[in-house]
1. The chain: Rg/Rh from Cα coordinates, Kirkwood Rh?
2. Per DSSP H run of n ≥ 4, the term is -39500 (n - 2.57); total these for the chain, divide by its residue number, and report the mean residue ellipticity at 222 nm rounded to 500 deg cm²/dmol.
3. Apply the Karplus parameterisation 6.51 cos²θ - 1.76 cosθ + 1.60, with θ equal to phi minus 60°, to every residue of segment 10-18 and state each ³J(HN,Hα) to the nearest whole Hz, in sequence, with x for glycine and proline.
4. For Val35, what charge total do you get from the other residues with a beta carbon under 15 Å from its beta carbon, if Lys and Arg give +1 and Asp and Glu give -1?
Amino acid sequence: VVAMPLERELQTYNDSLPQLLGHAGKFVLIHGDSVDGFFDAYADALRAGYAIAPEGQFLVKRIAHVEQVAFFTRDLVFECRQ
């Protein structure tokens, strides 16, 4: 069975969510099974992620009590308005 990209990191986020909610609104950096820090800015978390995992296998996610979900479809057709 091939794991999906960031599957392990997302599982770590979900498993740790009760403890992470104390930092709601901040960005968390997760590498593998490790929560590696909390950041006020996404860019700071991203920079720290590349410092600990140069290969790019890490997750930066905003901690929230309620997950904000966005839906996209490939079949959208937009008319150009001039």
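1. My calculation of the ratio gives 1.10.
2. Helix contribution divided over all residues of the chain: -9500 deg cm²/dmol.
3. Values per residue, Gly and Pro as x: 5, 5, 4, 4, 4, 5, 8, 3, x Hz.
4. For residues surrounding Val35, the net value is 0.
FYI, it's all coordinate maths here, none of it is from the lab. Here the structure is a predicted model, which means the values were calculated and not measured. Counting neighbours? That spans all protein chains shown, and the Cβs are built from the backbone with ideal geometry, glycine included.
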